[in-house]
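Remarks on the structure that follows.
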Amino acid sequence: MQTLYWFIGLFIIVFIIDYFFINKRKLSNMENKNKKRKKKIKRIGELDYLVSKFKLNEKKLNKDKVIIVISLLNSFIISFVSSIVMLLDIMIVLQLLIAFALLFSLIYALYEIYGRYLKKMEERKK
């Protein structure tokens with residue numbers, strides 16, 4: 001039961017940090033093209049990955065919804081991996097190896113599913 005509380009609490013904290021302080025700030029920098037300020041425009045790596053891998057039309061994407069889903073995916077991945085690793089009562093080296101394998105497999109699987117979903121939605125709109 002304690003692991004469930006840990007998962008939910010960590011999920012909420014990571015979502016808030018990822019959405020409001022990282023992705024939302026980068027999205028507003030991408031959309032504000034103020035010529036007086038010559039700031040380096042920060043890109044959202046996950047969005048760039050999805051657009052390039054699945055050949056999505058970035059202009060047709062609802063970026064606010066995509067950013068919310070990306071933040072939810074990131075929060076789920078981090079919370080799930082940390083909760084699973086905390087349940088294991090083994091050496092820390094093995095915990096780190098399992099966490100590493102879980103982390104990369106979840107990132108690949110969830111972003112692959114979401115990218116295919118976005119591609120299917122884009123094709124339906126045509």
* To do: Name the one entry in ILE67, ILE98 that is at pLDDT 95 or above and part of a helix (DSSP H, G or I).
  => ILE98
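Among LYS59, LYS42, which is in a loop (DSSP other than H, G, I, E, B), surrounded by fewer than 17 Cβ atoms within 10 Å (Cβ to Cβ) and out of contact with any helix residue (DSSP H, G or I) (no Cβ under 9 Å at 6 or more places or on another chain)?
Numbers: LYS42 fails: out of contact with any helix residue (DSSP H, G or I) (no Cβ under 9 Å at 6 or more places or on another chain).
The match here is LYS59.
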* **Filtered residues of the range 105-121 (kept if closer than 17 Å to ILE67 by Cβ and in contact with a Leu (Cβ under 8 Å, 6 or more places away or on another chain))** => LEU110, TYR111, TYR114, GLY115, LEU118
* **Residue identified as surrounded by fewer than 16 Cβ atoms within 10 Å (Cβ to Cβ) and at pLDDT 95 or above among TYR49, TYR117, TYR111** => TYR117
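The values are calculated or read from the model by the stated rules, or taken from the named source; none is laboratory data. The structure displayed is predicted, hence computed values, not measured ones. When we count neighbours, we look across all protein chains shown, and the Cβ atoms used for this are built from the backbone with ideal geometry, even at glycine.
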